[in-house]
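Notes for the one structure printed next.
The values are calculated or read from the model by the stated rules, or taken from the named source; none is laboratory data. For clarity, every value in this text was computed on a predicted model and none was experimentally measured. Neighbour counts run over all protein chains shown; Cβ positions are idealised from the backbone, glycine included. Note: areas computed on protein heavy atoms with side chains; ligands, DNA, RNA excluded. Shrake-Rupley method; radii C 1.70, N 1.55, O 1.52, S 1.80 Å.
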Amino acid sequence: MSFSLENIRQALGDGLLSFPVTDFDSNGQFNADTYRQRLEWFVEQGVSSIFVAGGTGEFFSLDMSDYEQIVKVAVETVAGRVPVIASAGRSVADAKRYVKVAEEAGCDGILLMPPFLTECPEDGIVQYATEIMQSSSIQFIYYNRGNGILGTDSVQKLADENPNLVALKDGVGNIAMLNDTIKTVGDRLVYIGGVPTAEIFAEGYLSIGVNTYSSAVFNFMPEMAMKFYTALRAGDKATVTSIIQDFFIPFCRLRDEKKGYAVSLIKAGAAIIGRPAGSVRAPLTDPSDAHYAALKKIIDANL
């Protein structure tokens, strides 16, 4: 870990965040060489933090061997230029192991994923997250999503009980609920937009004080993603509207054609621009030929 708490808060709260896809070779195994190249490219393109082995990076399909390699390669490649955040989750015991591996590799923080599968009461989720957060001094971001959604009172309790909880990442897209949390919990936490294709929510996020979000499309349209973010923060509504109309609406419509495309299309986009990362792992599926062609058409129209 090479960043202070204040450095991490600043990087998470002001700047574009992104989640690189995880590179697999033709046999479906982690490809460290092309992953290094991808991370170097990300840093060169100006992201403020890099989230490795996240949702876009197929955390749900990685085994511990994959994960160990990914966090080691990421920390070595990024070399302290921006914070490196790794994911953890599944059971409490599993999450603690992921945290330990990431911390020993030198990661700057952990994105804590929701518990595995089962429906969860909020007090149980708080207990789950607290047990994991109190196993380490590393900084945590809680991902409010799926079966691990916390309301305002529970977020407040989680923040009160865990000084190393630095941020909340929203994966719900309920602006009213998030606004309640922000106005209640205040600047104790940094707030990050984290719904799939977060740019489509970006104007709503910004209106309640969420200054940044994770951009998956940065994997294949980094210049456009950065142009959009810069225009958003500058209040350039014409540019924001134009990019949403020309790129994000068609992209989101295509994404909604099949479950899992929020990740599968990102890997396909990387291949289209000449930076392939291999196929997605099951249970995801690669886009059909028709959907791949449709994505290429959207990309070509916006380059």
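Structure notes:
- Thr285 passes every criterion in (1) in contact with a Lys or Arg (Cβ under 8 Å, 6 or more places away or on another chain); (2) open to solvent by less than 50 Å² (accessible area, probe 1.4 Å); (3) of a type outside the set (D, E, K, R) apart from (2).
- Residue in segment 202-221 that is out of contact with any helix residue (DSSP H, G or I) (no Cβ under 8 Å at 6 or more places or on another chain) and buried (at least 16 other Cβ atoms within 10 Å of the Cβ) present: no
- Pick from segment 1-49, criterion within 30 Å of Arg188 (Cβ to Cβ) and among the aromatic types (Phe, Trp, Tyr), ranking: farthest from the chain's Cα centre (by Cα): Phe3
- Top-ranked residue in segment 68-124 [being small (Gly, Ala, Ser) and open to solvent by 10 Å² or more (accessible area, probe 1.4 Å); ranked as farthest from Ile141 (Cα to Cα)]: Ala79
- Here the helices (runs of 4 or more DSSP H) wholly within segment 185-303 that include at least 2 residues being among the hydroxyl-bearing types (Ser, Thr, Tyr) are 202-207, 222-234, 237-243, 261-272.
- Segment 1-55: number of residues that are under 12 Å from Pro83 (Cβ atoms), in a loop (DSSP other than H, G, I, E, B), in contact (Cβ under 8 Å) with a residue 40 or more places away in the chain and not aliphatic (A, V, I, L, M): 4
- Scanning segment 161-180 for residues that are assigned to a loop (DSSP other than H, G, I, E, B), more than 18 Å from the chain's Cα centre (by Cα) and surrounded by 15 or more Cβ atoms within 10 Å (Cβ to Cβ) yields a single hit, Asn162.
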